[in-house]
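Here is the structure we will look at.
The values are calculated or read from the model by the stated rules, or taken from the named source; none is laboratory data. Since this is a predicted model, take the numbers as computed values, not measurements. Positions of Cβ are generated from backbone atoms using ideal geometry, with glycine treated the same way; all protein chains shown enter the neighbour counts.
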Amino acid sequence: MAIHQEGSWLRGVVTHCLGAAQDVLYPPRCAVCDATAPALCNACRDQLERPDPQALPGRPGLADYACAALYRGPLAQAIPLFKYGRQLELAGPLGELLAEALTARRDEWAPEALVPVPLHPWRRFRRGFNQAELLVREAGRRLGLPVELRLLRRIRSTPPQVGRSREERLRNLQGAFALLPGRSVAGRRLVLIDDVSTTGATLTAAAAPLVEAGAAVFGLSVAWEP
């Protein structure tokens, strides 16, 4: 028993020393400006544009909608780096932004759980991860809220939404999401989360089966692109 404890202690010391050495040799850098700082430095965070809550558009089917910041400046650089550049260390600061935005509305929304907008299995396989899921895990950890990863699924792959009008996006996403069999959400208060919201079509379409099943659904994104 003593030998086992000593071995665990030694492994912990070695791990700590290796981590410290790595930080010295390869210090963390801001993904946006390359400053010697964590993934998103304070200077870049200070440049984020926080929208007036009253100016945010409504989202049909959602009880309410909020975002952390506008899709401009450092955030318009950080999200593509996270989503397509595989700089997954950005999940921490981006998830923190989500947590801050939800904290401001927690009393009003009274959320029970967080739900990521799901990717189609094929797209998830090609990308290797679901960015919304990583963000939700981080936000849930910070807020002490449960995360529902097996509640909603994407049953139809859809073409990219870029360049489409809101009406075209809604038609493109019609019937793309479904509640997993055997899951009940009646009476629950859920926060549906995505990385970026533009017209709100994705949040509206993903919320539809949850609302139809009796849930109150609130939408939240890291960024809103007006």
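Identify all residues within the range 98-144 that are within 19 Å of residue 48 (Cβ to Cβ), surrounded by fewer than 17 Cβ atoms within 10 Å (Cβ to Cβ) and among the hydrophobic types (A, V, I, L, M, F, W, C); write none if there are none. Listed by number, the list holds a single entry, 104. Restricting attention to the range 140-188, the residues being in a loop (DSSP other than H, G, I, E, B), within 19 Å of the chain's Cα centre (by Cα) and at pLDDT 75 or above number 7.
Selection within the range 99-126: residues that are in contact with a Ser or Thr (Cβ under 8 Å, 6 or more places away or on another chain) and assigned to a helix (DSSP H, G or I). The member of this set that is modelled with the lowest pLDDT is 123. Residue-level check: of (1) within 21 Å of residue 209 (Cα to Cα); (2) touching a helix residue (DSSP H, G or I) at 6+ places or on another chain (Cβ under 9 Å); (3) assigned to a helix (DSSP H, G or I), residue 132 misses just (2). Taking the condition under 20 Å from residue 204 (Cα atoms) and of a type outside the set (A, V, I, L, M), does residue 60 pass? Yes; evaluated as a whole, the condition is true for this residue. All conditions but one from (1) in contact with a helix residue (DSSP H, G or I) (Cβ under 9 Å, 6 or more places away or on another chain); (2) modelled with pLDDT of 95 or more; (3) more than 20 Å from residue 218 (Cβ to Cβ) apply to residue 83; the one that does not is (2). Screening residue 204 on (1) of a type in the set (Val, Ile, Thr); (2) crowded, with 23+ Cβ neighbours inside 10 Å; (3) at pLDDT 95 or above; (4) not in a loop (DSSP other than H, G, I, E, B) shows it passes everything except condition (3). Taking residues in the range 201-215 that are under 11 Å from residue 61 (Cβ atoms), and partners anywhere that are of a type in the set (Asp, Glu), the pairs with Cβ atoms closer than 9 Å and at least 6 places apart or on different chains are 201/167; 201/168; 203/194; 206/194.
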